[in-house]
1. With +1 assigned to the C-beta of every Lys and Arg and -1 to the C-beta of every Asp and Glu, and no other charges, what is the dipole magnitude of segment 98-177 about the Cα centre in debye, to the nearest 20?
2. Accessible area of Glu94, 1.4 Å probe, to the nearest 10 Å²?
3. Compute the distance from the alpha-carbon center of segment 1-71 to that of segment 237-284, in whole Å.
4. Might you work out the accessible area of Cys81 for me, using a 1.4 Å probe with all protein chains in place, and round it to the nearest 10 Å²?
5. If you stretched the chain out fully between Glu160 and Glu238, how much longer would it get, using 0.36 nm times the residue separation minus the C-alpha to C-alpha distance?
6. Can you tell me the length gained on complete extension of the stretch Leu563 to Glu94, counting 0.36 nm per residue apart and subtracting the Cα distance?
7. How much length is gained if the chain between Ala136 and Ser119 is pulled fully straight, taking 0.36 nm per residue apart and subtracting their Cα-Cα distance, in nm to one decimal?
8. Points 7 angstrom from Cα along the Cβ direction at Arg178 and Ile485: gap in nanometres?
Amino acid sequence: MENFIVSARKYRPITFDTVVGQESITTTLRNAIKGNQLAQAFLFCGPRGVGKTTCARILAKTINCTNVSDNVEACDECESCKSFSSNTSMNIYELDAASNNSVDDIRQLVEQVRIPPQSGQYKVYIIDEVHMLSTAAFNAFLKTLEEPPAYAKFILATTEKHKILPTIISRCQIFDFRRIGIPDIANHLEFVAKKEDIKYEKYALSLIAQKADGGLRDALSIFDQIVNATDKNLTYKEVSKNLNVLDYDQFFKITNSIIKKDISSILQEINLVLSQGFDGHHLLIGLGEHFRNLLVSKDSSTLNLLNAEEETLKKYQDQAKIFDTVKLVQSLDLIGKSDINYRSSQNKRLFVEMSLLQIAALHFDEESGQKKKLRLPPTNFVHKVESKETQIKNIKKHIADAKVEEAKVDKVVERKSVPSNGNRRIGTLSIKNFQRNKGVTNEEELTYGPKRTKPFLQNDLNIAWEQYISMIKGTHKIFANAIAISNPKVMDNYEIAYEVQNTLISKDLNNTSNLLAYLKDKLENDLITLKSVTANIKDRKRYYTDGEKLERIIEKYPVVRILKKQLDLDIES
């Protein structure tokens, strides 16, 4: 039986050109070789499987090559390149710091550095997982690393840069390797699949790339596994099944049920996902990603942010047309909060079900199940180009004139005219009739135009409330301090309830009206009303000891109890 070589080894890059997703680093190294400006020590750091050791080996091979090409690539034909390829080179040493991390190991390395190369120009030492060296070993390595012989080069590789001593880092040229992008990984997998004569669907390769989380080695390992599982036929359905990933079609079905406001269908879809062994948290995260994709699909300029096939992109665009952008953002906010609170929930299934039903209620009218229509201003309404002060002055004048006329009559006043067809009766002159004739229902609409009804969340209210307090602190300190502890809450019909310690605060009409005007303007909603609730100070429990204060905090934020238990915390005495 022929020995099988995994794809991660078989297709490991051997030249700078074949390194995937690290173009900036390979370009820098090439220019350093070409300009003969190589540092004595390099530090390659980054996540696993992104090419640190591979680039170190390519660099070591290239600087010892006797026939470097114009493109700064090793020739693979000289004696040095052949010995490197067969792992018999005496100029390149690879050391695993995880198992050689003592002072004695570093002393032995230092002794080897003193011996010049018998052939070739440089002796290169590649130390992998260098963060595993002990502090004493690092200190023993300092002098050699700072002032090595001219023929010695050190390449240190690590996944945990923060564990390396600053004195070591300061002596190295640092190269931060980034996670490899999904398109780059998918393209490399496509190259391997063609070489191995394996049938594939492009989106199936993209799914493997997503699962690899930026690591090419992990992607190739998954690729080998799926090839065996599917008998060399990589379809999206089979790959998602083997990777235990929810198919995107599942999220389209759930979203369609939300659109139809079909509660039973939503519950059945959730049951189907959970019965397949998927975690409810996984469903919430996937649905969040789906709604994010819908948001991205609403604008053609952001469509390139989606990594999907043409057919799938069309599905996202079609479904995105049904949703309002603001509602999509609110849905993502709701899913984000559900993601945070999922672990603290006792009934996980019920929590997921309620989260999805809340999203359905957010988008569609409760009675008809249809999308709410946007109320537009009257088409015949014309805004006058006047200042706000002028508008207010004019409307007050009109209302005052109407009140004078209304006070003159207690019943219908008949006025005679001189038309050819005789007398004509004129109706009552009143403020209400005057406003009705103008096409508005109140003074505010006549002054500023159609009412603003922009929805807002509790977080939006909290931000506006804090901004108003900061604004009036210097001029109205008492009122600012009073509402700073009032705990405002958003109620039904845009009513804002807040708690006051003293009834005099709620009777401060001037400051209260200023606060209401500020909130209407900041939140862009003219339907906002304020309701003050006087706190019952007598019944309020006071907390004196640290233990009582801690219990109050835990009562308000239950997650503190979990944090206290996990970190084994106690009150400092």
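The values are calculated or read from the model by the stated rules, or taken from the named source; none is laboratory data. If you're wondering where the values come from, they're calculated on a predicted model, not measured in any experiment. Positions of Cβ are backbone-derived with ideal geometry, glycine not excepted, and every protein chain shown enters the neighbour counts. In case anyone asks, the SASA skips ligands and DNA or RNA and just uses the protein heavy atoms, side chains included. Shrake-Rupley method; radii C 1.70, N 1.55, O 1.52, S 1.80 Å.
1. The calculated dipole for segment 98-177 is roughly 200 debye.
2. Here the residue's solvent-accessible area equals roughly 100 Å².
3. 43
4. The accessible area comes out at roughly 0 Å².
5. 24.5 nm
6. Full-extension gain reported as 164.5 nm.
7. Details: separation 17, 0.36 × 17 = 6.12 nm, distance 3.28 nm.
Residue separation times 0.36 nm, minus the Cα-Cα distance, leaves 2.8 nm.
8. Calculated label separation equals 5.0 nm.
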